Amino acid sequence: MRKALRGVLSLAVLIGTVSATGASAGAATAAEPAAKQSSGSTSSNESSSEDIKDRILAIPGMSLIEEKPYPGYRFFVLNYTQPVDHKHPSKGTFQQRITLLHKDTTRPTVFFTSGYNVSTNPSRSEPTQIIDGNQVSLEYRFFTPSRPAPADWSKLDIWQAASDQHRVFKALKKIYSENWLTTGGSKGGMTATYFERFYPKDMDGVVAYVAPNDVVNDEDSAYDRFFARVGTKECRDRLGGVQREALVRREPLEKKYEAYAAANGLTFDTVGTLDKAYEAVVMDYVWAFWQYSLLADCDSIPADAPNATDEEIWDSIDGISGFSAYADQGLGTYTPYYYQAGTQLGSPDIKQPWLGNLSRYGYQPPRNFVPRSIPMKFKPSAMRDVDSWVKNNARHMLYVYGENDPWGAEPFRLGKGARDSYVYTVPGGNHGSKVAGLVADEKAAATAAILRWAGVAPAAVEADPAKAKPLAKFDARLDVRDAELRRDQGTLRP
């Protein structure tokens, strides 16, 4: 599950693959009659003597790292000075990375966060394409280089991170005065939710994708029920068979793992031993498959695991879970995630009864994946507070889940206090589920809500939500959303 835990729609970072000099694949153009068009060089309400870059850099604490060209936009990579502790801003600052995909100050703006590092290449989240807007993307605090030095880990919590977003929003709202939405996938969807909980007056809407909601950390039976019925029995049996064989053949496969680690310079100081790292990778196998794959991908899983070769078992585990995941070199980037999982977010535990007594360590907790020099204490009230707030106070909040995504086993749910808010599920969807994958009527309803909250719904959509569609044309480089899955062979993460 850690690959899900760290994975990302793992969900992880919204990555653009465009080069600095890449040609346009169809940059955004507004479809609504009243929308103002922009060439991207300057906004329609900006004079050439007041370039958008000058306006942004006039914000106290904002500095430019670089600007990258993209047709129809301006794209900036920036640093913004933030307090280490928003409750005591005089006690030190750090530089937090931001990217800004600027279209026009007369367009609405999407505030995106993955909950991890920020990509420094131009890209658009799905809501940004839908509303044909600007996009501000924020690196989550304590992910390098956005880490205070020295690092006081007690200042890594969901309120401090939400306060980072609040300060960025207040600074940029003076330039981008139209409606704002916040969005993110997986941990980014959680982040968008927490931002709304602590600063409900900032955003005009929330679009949270595949956002886990581990309300009671010690009660994880929902995940066990999920794995007992997901997909088909044939697929579940194939996956369980390979996973079981990987533990039955622990001795020969760990010898292979030792050679692999030596060849790749991998060490295991954080988790403790190679044996613990090996088992953690194997225990993630079934979770990782359903997080990142589709039912049709079961055809690639060995059908007769007991008679498969060691190489076939190794290749299947490595291709889905990744044997570098629990080495120090794989864990280091995601220390902030594991710290949060072990202090506030919670982390799933699953029984996996098909393994019998083959497991030596069980599903290992986040504490095992954070250096012991960093103290951790779990605070059970944090997620309960957020869950209760969403049920009773949700306004203009949209959640999208995938039917076959393990992280959706404990979703956000709406209560009687929710208004103009929705939870939809993509049939057969995984951790990469989007509005675009919903059934037709739900897709239209979700798209119409996003347009409405952003203040750019065409009259035809206001009259008939079934006519809702993205205002910007699809751009094969800006909108390649499969990259959000963060399939970088790391441990499971949301």
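Counting only helices (runs of 4 or more DSSP H) wholly contained in the stretch 149-244, the ones carrying 1 or more residues that are within 30 Å of residue 302 (Cβ to Cβ) and either open to solvent by less than 60 Å² (accessible area, probe 1.4 Å) or modelled with pLDDT of 95 or more (or both) occupy 221-229. Is it the case, given these coordinates, that residue 439 is of a type in the set (A, V, I, L, M) and either closer than 27 Å to residue 134 by Cα or open to solvent by less than 20 Å² (accessible area, probe 1.4 Å) (or both)? No.
What about residue 425, is it among the hydroxyl-bearing types (Ser, Thr, Tyr) and open to solvent by 30 Å² or more (accessible area, probe 1.4 Å)? Answer is yes for this residue.
Taking the criterion of being closer than 20 Å to residue 287 by Cα and part of a loop (DSSP other than H, G, I, E, B), the residues of the stretch 413-433 that qualify are 427, 428, 429, 430, 431, 432, 433. Residues in the stretch 406-427 that are in contact with a helix residue (DSSP H, G or I) (Cβ under 6 Å, 6 or more places away or on another chain) and over 13 Å from residue 208 (Cβ atoms): 406, 409, 410, 415, 417, 426.
Mind listing just one residue for me: the one in the stretch 393-407 that is assigned to a loop (DSSP other than H, G, I, E, B) and over 30 Å from residue 295 (Cβ atoms) and, of those, least open to solvent (accessible area, probe 1.4 Å)? The qualifying residue least open to solvent (accessible area, probe 1.4 Å) is 394. Do the conditions hold for residue 133, that is, is it open to solvent by less than 10 Å² (accessible area, probe 1.4 Å), among the small types (Gly, Ala, Ser), more than 30 Å from residue 332 (Cβ to Cβ) and touching a residue at least 60 places away in the same chain (Cβ under 8 Å)? Yes; evaluated as a whole, the condition is true for this residue.
Every condition in (1) touching a residue at least 40 places away in the same chain (Cβ under 8 Å); (2) surrounded by fewer than 16 Cβ atoms within 10 Å (Cβ to Cβ); (3) over 28 Å from residue 371 (Cα atoms) holds for residue 301 except the one numbered (2). Considered as a group, the residues in the stretch 378-392 that are among the polar types (S, T, N, Q) and open to solvent by 60 Å² or more (accessible area, probe 1.4 Å) include one that is nearest to residue 342 (Cα to Cα), and that residue is 381.
Has the stretch 245-257 got at least one residue that is under 29 Å from the mean Cα position of the chain (by Cα) and under 20 Å from residue 492 (Cβ atoms)? No, that holds for no residue.
Per-residue answers, yes or no, for (1) under 25 Å from the mean Cα position of the chain (by Cα); (2) within 25 Å of residue 230 (Cα to Cα):
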{"position": "294", "(1), (2)": "yes, yes"}
{"position": "297", "(1), (2)": "yes, yes"}
{"position": "301", "(1), (2)": "no, yes"}
{"position": "305", "(1), (2)": "no, yes"}
{"position": "310", "(1), (2)": "no, no"}
{"position": "315", "(1), (2)": "no, yes"}
{"position": "330", "(1), (2)": "yes, no"}
{"position": "333", "(1), (2)": "yes, no"}
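Among the residues of the stretch 262-282 satisfying the criterion of being open to solvent by less than 10 Å² (accessible area, probe 1.4 Å) and in a helix (DSSP H, G or I), which is nearest to residue 304 (Cα to Cα)? It comes out as 282. Scanning the stretch 296-313 for residues that are in contact with a helix residue (DSSP H, G or I) (Cβ under 6 Å, 6 or more places away or on another chain) and either over 23 Å from residue 406 (Cα atoms) or in a helix (DSSP H, G or I) (or both) yields 298, 305, 310, 313. Being out of contact with any Cys (no Cβ under 7 Å at 6 or more places or on another chain), open to solvent by less than 10 Å² (accessible area, probe 1.4 Å) and either outside any helix (DSSP H, G or I) or over 21 Å from residue 241 (Cα atoms) (or both) is true of residue 348. Scanning the stretch 192-235 for residues that are free of Cβ contacts under 8 Å to residues at least 12 places away in the same chain and in contact with a Phe, Trp or Tyr (Cβ under 9 Å, 6 or more places away or on another chain) yields a count of 0. Of the candidates 222, 228, 208, 192, the single residue that is closer than 23 Å to residue 59 by Cβ, out of contact with any Lys or Arg (no Cβ under 6 Å at 6 or more places or on another chain) and of a type outside the set (Val, Ile, Thr) is 192.
Do we find that residue 342 is outside any helix (DSSP H, G or I) and either without any contact (Cβ under 8 Å) to a residue 40 or more places away in the chain or crowded, with 20+ Cβ neighbours inside 10 Å (or both) in this structure? Criteria not met by residue 342. For the stretch 136-148, the set of residues classified as surrounded by 24 or more Cβ atoms within 10 Å (Cβ to Cβ) and among the aromatic types (Phe, Trp, Tyr) consists of 140 only. Note on the stretch 77-105: residues that are in a strand (DSSP E or B), crowded, with 20+ Cβ neighbours inside 10 Å and in contact with an Asp or Glu (Cβ under 8 Å, 6 or more places away or on another chain) total 4.
Filter the stretch 359-377 for residues that are open to solvent by less than 20 Å² (accessible area, probe 1.4 Å) and in a helix (DSSP H, G or I) and give the result. Listed by number, the residues that qualify are 366, 369.
The values are calculated or read from the model by the stated rules, or taken from the named source; none is laboratory data. Predicted, not measured: the structure shown is a model, and the values here were computed from it. Cβ sites come from the backbone with ideal geometry, for glycine too, and all protein chains shown count toward neighbours. Remember, those area values only see protein heavy atoms, side chains included, never the ligands or the DNA or RNA. Shrake-Rupley method; radii C 1.70, N 1.55, O 1.52, S 1.80 Å.
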